[in-house]
Each structure stands twice: as structure tokens, then as C-alpha cells.
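Engineer: Have a look at this one.
The values are calculated or read from the model by the stated rules, or taken from the named source; none is laboratory data. Note that the structure is predicted; figures quoted are calculated from it, not measured. Cβ coordinates were reconstructed from backbone atoms using ideal geometry, including for glycine residues, and neighbour counts include every protein chain displayed. Each accessible area value is taken on the protein alone, full model and side chains, heavy atoms only, with ligands, DNA and RNA left out. Shrake-Rupley method; radii C 1.70, N 1.55, O 1.52, S 1.80 Å.
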Amino acid sequence: MSGRLAVVGLGPGDARWLTQEADAALAAADALYGYGPYLDRVPSRPGQVRYPSDNREESARATAALRHASDGAQVAIVSGGDPGVFAMAAAVCAEIEAGPQAWRTLDVVIVPGVTAMLAVAARVGAPLGHDFCALSLSDNLKPWDLIERRLDAAAGAGFVIALYNPMSRARPWQLDAAFDRLRQRLPASTPVMFGRAVGRSNETVVVTTIDRADPATADMATLIIVGSAETRTVARPGRAPLVYTPRAAQGVSA
Ligand code: SAH
């Protein structure tokens, strides 16, 4: 049987946010590769072998999985959320580009998943209802000054901004610096949403404003959505507020 590599998005939470296609790709695999905690979310099936690895070993993991698939195995690499968003699919593409010609003829399929920003947005209303962008705040793979320029440009252009990887032990000051920067370009009342471990049993969601946003609310499992000047908060008695960005930009009639 010829080999196949599936790069599978698990969604951000539990199995309710796993697509049927992802579930089928996991069931069809002989070998599973991925960051250990992500693999732990995949139910074990008899005959399947697991190869957990550290979060920082993306290219080694991609290479090992490609080798395994080109030996004829049915291989799945898993990512949290969507595999194409700050995750394994790009690492696999890069290894195929740099690797032996034979990898270009392999059957490779990318199986999409619900990415964290969509899950967080759904919890609070519709903050991504108009133009938005997504940034990783991690400066492991790019310099901090580039992140600052992108934050300035995104806020200045009126995009709602989804911030992935907002905080880690190795990056303690960056989120504070990012909020400071955004405060210079956004009204003090701009809504800011923190969604932590969304879709899991320890989920927390906090809605605040940019002038009050506290970096200590975030950790590695948090996705932050920073509204634009057009993002609105609808108070509801006895219920959490709804945060949304109107479909039409200000001054444009629908
Ligand atoms: N491929 C993933 C993102 C990987 S980057 C996806 O599409 O969602 C890792 C970052 O994703 C985390 O630092 C956090 O910002 C976000 N994230 C992943 N799962 C999350 C969850 N359940 N709740 C909130 N944020 C999450």
C-alpha cells in the first residue's frame, strides 16, 4: 500500500470540535506524530503507534513523518486548532520543498480544523464580523520590532486583531508592550476579549477594554481578540455582553 501523510487539525477543545474528516483521518492512521499534549487528546486505537515530540521540534517531526509515510505507512501528524494556522502544515510544506524529490509525489492531505480565534469569537458574539487579521505574538520565529510594526499597521488600518501565542514564561513582557502600543492607536473603550482553554473543561472567557486589559489574564492557552474602533458591546441583563463588529464599516450603508 502506498504511504500517505495527513496533517490533521484537532480543533481547540474536545471532540465536539473535531470534524468528521479529521476523525476519519485519525482512525485510518498506522502512526501518529505530534506534540505530546495534542496526541493525548486523540483516542487510542489498537495497532496505532504514537510518536510524541516536544513543541519546538516541528521540522524534525515533519521530517520523521514524511520518511515514515514514504516507507508506505498511513501517517497522521496532529495540530491543535487548524494545522495551517501557526502550526504543522507549513512545517510539512517546508520540509517537502527542501527534501528529496520523492516527497513531492507523496499523497499529502491537510485536514482543516476549527482555529482558536473562531472558537473564542463564537463565545463572545461576533467580533470578527468585519475585516480582521491574526498575528502570533511569539518572537521565537521573527524579531520583536517586526511584531510592533505589524501591530501598529493592523490597528492603524482598523482591523480587529486576533493574537495567538500571547504569553509564555520565556516571553514575560511582550504582551504588556503590545497592549501599550495598541492603546496609542485605539480608543480606550475598545473591547478586548481573552479566551483561555476554550472548548475544554477549564475554559475561561474575559471581556474587558483596552485601557483595562491586564496581561496577567493571559497564558499560553489564551487567544486574545482586540476589537477595532467599530467593535461594539451590547449589555444584556443577567447574561454576558455580546461583542460584535458590525458588517458594514462606519459611513457605509448596507
Ligand atoms: N493551530 C492552532 C494555533 C497554534 S498556536 C489553532 O489553529 O488554533 C497556539 C496558540 O493558539 C495558543 O498560544 C493560543 O493563543 C491559541 N489556542 C490554541 N488552543 C486554544 C484554546 N482552546 N483556547 C484559546 N486559545 C487557544
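Engineer: How long are the semi-axes of the equivalent ellipsoid of the chain, defined as square roots of 5 times the Cα gyration tensor eigenvalues? Whole Å, largest first.
Structural biologist: For the chain, the ellipsoid semi-axes come out as 36, 20, 17 Å.
Engineer: Which loop trypsin sites (Lys or Arg not before Pro) in segment 128-186, with loop taken from DSSP, have no more than 10 other Cβ atoms within 10 angstrom of their Cβ? Kindly include the intermediate steps, with their values, before the conclusion.
Structural biologist: Values: sites: 149, 150, 169, 181, 183, 185; in loops: 169, 185.
Sparse-neighbourhood loop trypsin sites (Lys or Arg not before Pro): 169.
Engineer: Hey, could you get me the Stokes-Einstein D for segment 112-217, Kirkwood radius over alpha-carbon pairs, 37 °C and 0.692 mPa s, rounded to whole µm² s⁻¹?
Structural biologist: Reported coefficient: 228 µm²/s.
Engineer: Rank-order 77-89, 192-204 by packing density, defined as the average count of other C-beta atoms within 10 Å over each peptide's residues, highest first.
Structural biologist: 77-89, 192-204
Engineer: In whole percent, how big is the carbon plus sulfur part of the accessible area of the chain, probe 1.4 Å, protein atoms only? Intermediate results must be reported in sequence, preceding the final value.
Structural biologist: Values: 6580 of 12690 Å².
About 52 percent, which is the carbon plus sulfur part of the accessible surface.
Engineer: Right, next: Over all pairs of distinct alpha carbons, what does the Kirkwood formula give as the hydrodynamic radius of segment 1-127, in Å?
Structural biologist: 14.6
Engineer: Hey, can you find the accessible area per residue of segment 103-254 for me, probe 1.4 Å, expressed in square angstrom?
Structural biologist: That works out to 51 Å² for each residue.
Engineer: Keeping all protein chains in the complex and leaving out DNA, RNA and ligands, what accessible area do you get for residue 139 with a 1.4 Å probe, in Å² to the nearest 10?
Structural biologist: Approximately 40 Å² of residue 139 is accessible to the 1.4 Å probe.
Engineer: Give me the net charge for the shell around residue 14: Cβ to Cβ below 11 angstrom, other residues only, Lys and Arg +1, Asp and Glu -1.
Structural biologist: +2
Engineer: Out of all DSSP beta bridges in the chain, what portion is antiparallel? Express it as a percent rounded to 5.
Structural biologist: Rounded to the nearest five, the antiparallel share is 45 percent.
Engineer: Less than 9 Å Cβ to Cβ from residue 160, Lys/Arg counted +1 and Asp/Glu -1: what total charge do the surrounding residues give?
Structural biologist: Overall, the nearby charge balance is -2.
Engineer: Then there is this: To the nearest 10 degrees, how steeply does helix 58-70 sit against the main Cα axis of the chain, on a 0 to 90 scale?
Structural biologist: With both axes taken from Cα atoms, the answer is about 40 degrees.
Engineer: Calculated from DSSP H runs of 4 or more alone, at -39500 (n - 2.57) each and per residue, what is the 222 nm mean residue ellipticity of the chain, nearest 500?
Structural biologist: Dividing the helical sum by the residues of the chain leaves -8000 deg cm²/dmol.
Engineer: How much accessible area does residue 148 have with a 1.4 Å probe, in Å² rounded to the nearest 10?
Structural biologist: Residue 148 has an accessible surface of roughly 40 Å² with all protein chains in place.
Engineer: Tilt of helix 88-98 relative to the longest C-alpha principal axis of the chain, in degrees (0 to 90, nearest 10)?
Structural biologist: 50
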